[in-house]
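Colleague: Please see the structure below; I have some questions.
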Amino acid sequence: WHIAVAGQSQGPFSEQDLVQAVQAGKLTRATNVWSPSIGTWTPAAQVPQLGYLFGPATPPPPPPG
């Protein structure tokens, strides 16, 4: 995996490296990632293989009542 940081490609990284990057706050749902298997830069949360890194999406707050 490669990640885009400040307009620059960094990597390659293993999936374990990506887990650590999420824990360190360096990889977010919006960070663009690339690998030969996906072929295009894509936000990490939209890549099926990486979705588990971020846990379930936080639901929006309920409307005021």
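Colleague: Go through segment 2-42 residue by residue and tally those that are of a type in the set (D, E, K, R) and open to solvent by 80 Å² or more (accessible area, probe 1.4 Å). Spell out how you get there, then give the answer.
Modeller: Keep residues of segment 2-42 that are of a type in the set (D, E, K, R), which gives 15, 17, 26, 29.
Keeping just the survivors that are open to solvent by 80 Å² or more (accessible area, probe 1.4 Å) gives 26, 29.
The number of residues fulfilling the criteria is 2.
Colleague: For segment 48-57, name all the residues that are assigned to a loop (DSSP other than H, G, I, E, B) and surrounded by fewer than 14 Cβ atoms within 10 Å (Cβ to Cβ). It would help to see each step written out before you state the result.
Modeller: Just the residues of segment 48-57 that are assigned to a loop (DSSP other than H, G, I, E, B), to begin with: 48-50, 55-57.
Scanning segment 48-57 gives Pro48, Gly55, Pro56, Ala57.
Colleague: In this structure, is Ala45 open to solvent by 50 Å² or more (accessible area, probe 1.4 Å), modelled with pLDDT under 95 and among the hydrophobic types (A, V, I, L, M, F, W, C)?
Modeller: Numbers: open to solvent by 50 Å² or more (accessible area, probe 1.4 Å): no; modelled with pLDDT under 95: yes; among the hydrophobic types (A, V, I, L, M, F, W, C): yes.
Considered against the rule, which asks whether it is open to solvent by 50 Å² or more (accessible area, probe 1.4 Å), modelled with pLDDT under 95 and among the hydrophobic types (A, V, I, L, M, F, W, C), Ala45 comes out as no.
Colleague: Give the number of residues within segment 28-42 that are touching a strand residue (DSSP E or B) at 6+ places or on another chain (Cβ under 6 Å) and not hydroxyl-bearing (Ser, Thr, Tyr).
Modeller: Matching residues across segment 28-42 total 5.
Colleague: Also: Take the conditions in a helix (DSSP H, G or I) and out of contact with any Lys or Arg (no Cβ under 7 Å at 6 or more places or on another chain) and apply them to Leu27. Does it pass?
Modeller: Working: in a helix (DSSP H, G or I): no; out of contact with any Lys or Arg (no Cβ under 7 Å at 6 or more places or on another chain): yes.
For Leu27, the condition - in a helix (DSSP H, G or I) and out of contact with any Lys or Arg (no Cβ under 7 Å at 6 or more places or on another chain) - is not met.
The values are calculated or read from the model by the stated rules, or taken from the named source; none is laboratory data. On a predicted model such as this, the values are computed, not experimentally measured, just so you know. Using ideal geometry, Cβ is built from the backbone for each residue, glycine included, and neighbour counts are taken over all protein chains shown. Heavy atoms of the whole protein, side chains included, go into the accessibility calculation; ligands, DNA and RNA do not. Shrake-Rupley method; radii C 1.70, N 1.55, O 1.52, S 1.80 Å.
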